[in-house]
Amino acid sequence: EADIYQTPRYLVIGTGKKITLECSQTMGHDKMYWYQQDPGMELHLIHYSYGVNSTEKGDLSSESTVSRIRTEHFPLTLESARPSHTSQYLCASSGGDPYGYTFGSGTRLTVV
Amino acid sequence: DQQVKQNSPSLSVQEGRISILNCDYTNSMFDYFLWYKKYPAEGPTFLISISSIKDKNEDGRFTVFLNKSAKHLSLHIVPSQPGDSAVYFCAAIKGGSYIPTFGRGTSLIVHP
């Protein structure tokens, strides 16, 4: 049973549309993360949060934004989708223990 | 500049034989190492980890070896099973950080 949920699993959207990828966790973890991953490539950290009202950009430059208004919820928004945003987006959370770094099932985004 | 390198994009092994997945790192500040397993269209799941104070950690069929002087670690799977077919990511964490740095993954195929 998943403790971290991402919706939608798959999304095909037209260029210029605004989209929000949802991520929620039920483990009470204070730390949450968004990664972008393409086949054959490493996971790139694009955003992270260490608590409510705290967000930071990761190593990979991204045109997306995030918010952390509630501990359990960490949505990612693209204001204007472009084909270059086509990728898999993975949400993760942790309580600080490396063993507790849990990933969601991901959202496969295709921008046409 | 990749700090965690998995130089073999793919590996093919016969069922029942040993699978050896390799990982090299460049940053001597890394002190904790993890392996994740990822099926297509799913998020990575934690497999096994090792602290830099150890040189071996074993969990069932999975053993991770760490050679700090060579900045090299390897994951051994014995015996390999078709269900082990997946992409395996090596990751490393610096002391005091909560965020792993990932390699590009190795795709393991175990043939029946």
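The values are calculated or read from the model by the stated rules, or taken from the named source; none is laboratory data. Computed from a prediction, not measured in an experiment: that's the story for all the values here. All Cβ positions, even for glycine, are placed from backbone atoms using ideal geometry, and neighbour counts span all protein chains on display. Protein only, heavy atoms only, side chains kept; ligands, DNA and RNA dropped before computing areas. Shrake-Rupley method; radii C 1.70, N 1.55, O 1.52, S 1.80 Å.
On the given criteria, is B:Asn57 farther than 30 Å from A:Ser49 by Cα and modelled with pLDDT under 95?
Numbers: farther than 30 Å from A:Ser49 by Cα: yes; modelled with pLDDT under 95: no.
No, not satisfied.
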Out of the residues in the stretch A:1-48 that are surrounded by 12 or more Cβ atoms within 10 Å (Cβ to Cβ) and of a type in the set (Gly, Ala, Ser), which is nearest to B:Val87 (Cα to Cα)? A:Ala2
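Please specify each residue of the stretch B:18-63 satisfying the condition of being β-branched (Val, Ile, Thr) and more than 22 Å from A:Gln37 (Cβ to Cβ).
B:Ile18, B:Ile20, B:Ile50, B:Ile53, B:Thr63
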Would you say B:Gly43 is in a loop (DSSP other than H, G, I, E, B), free of Cβ contacts under 8 Å to residues at least 60 places away in the same chain and at the interface with chain A (Cβ under 10 Å from one of its Cβ atoms)? yes
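Taking the options B:Ser80, B:Ser69, name whichever one is of a type in the set (Ser, Thr, Tyr), in a loop (DSSP other than H, G, I, E, B), surrounded by 14 or more Cβ atoms within 10 Å (Cβ to Cβ) and away from chain A (no Cβ under 14 Å).
On the way: B:Ser69 fails: surrounded by 14 or more Cβ atoms within 10 Å (Cβ to Cβ).
So the residue among B:Ser80, B:Ser69 that is of a type in the set (Ser, Thr, Tyr), in a loop (DSSP other than H, G, I, E, B), surrounded by 14 or more Cβ atoms within 10 Å (Cβ to Cβ) and away from chain A (no Cβ under 14 Å) is B:Ser80.
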Would you mention how many residues in the stretch B:2-21 are without any contact (Cβ under 8 Å) to a residue 60 or more places away in the chain and either crowded, with 17+ Cβ neighbours inside 10 Å or not in a loop (DSSP other than H, G, I, E, B) (or both)? 1
Can you pull out every residue in the stretch A:1-46 that is closer than 29 Å to B:Asp1 by Cβ and touching a Ser or Thr at 6+ places or on another chain (Cβ under 6 Å)? A:Leu21, A:Lys31, A:Met32, A:Gln36, A:Asp38, A:Ile46
Any residue in the stretch A:34-63 that is part of a loop (DSSP other than H, G, I, E, B) sitting within a Cβ distance under 7 Å of a residue that is of a type in the set (Gly, Ala, Ser)? List the pairs, counting only those 6 or more apart or interchain. A:Asp38/A:Ser87; A:Glu42/B:Gly103
Pairs only if they're at least six apart or on different chains, beta carbon under 6 angstrom, first in the stretch A:66-91 and at negative phi and acidic (Asp, Glu), second in a strand (DSSP E or B) and crowded, with 16+ Cβ neighbours inside 10 Å; list them, first residue then second. A:Glu72/A:Ser24; A:Glu72/A:Gln25
Within the stretch B:46-64, identify whether any single residue is facing chain A (nearest Cβ under 10 Å) and either open to solvent by 50 Å² or more (accessible area, probe 1.4 Å) or more than 25 Å from A:Gln88 (Cβ to Cβ) (or both), and answer yes or no. yes
Any residue at all in the stretch A:49-63 that is of a type in the set (A, V, I, L, M, F, W, C) and within 14 Å of A:Gly106 (Cα to Cα)? no
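Would you mind stating whether A:Thr86 is touching a Ser or Thr at 6+ places or on another chain (Cβ under 8 Å), of a type in the set (Val, Ile, Thr) and surrounded by 15 or more Cβ atoms within 10 Å (Cβ to Cβ)? Walk me through it before giving the result.
Numbers: touching a Ser or Thr at 6+ places or on another chain (Cβ under 8 Å): yes; of a type in the set (Val, Ile, Thr): yes; surrounded by 15 or more Cβ atoms within 10 Å (Cβ to Cβ): yes.
Here the answer is yes, as A:Thr86 does meet what is asked.
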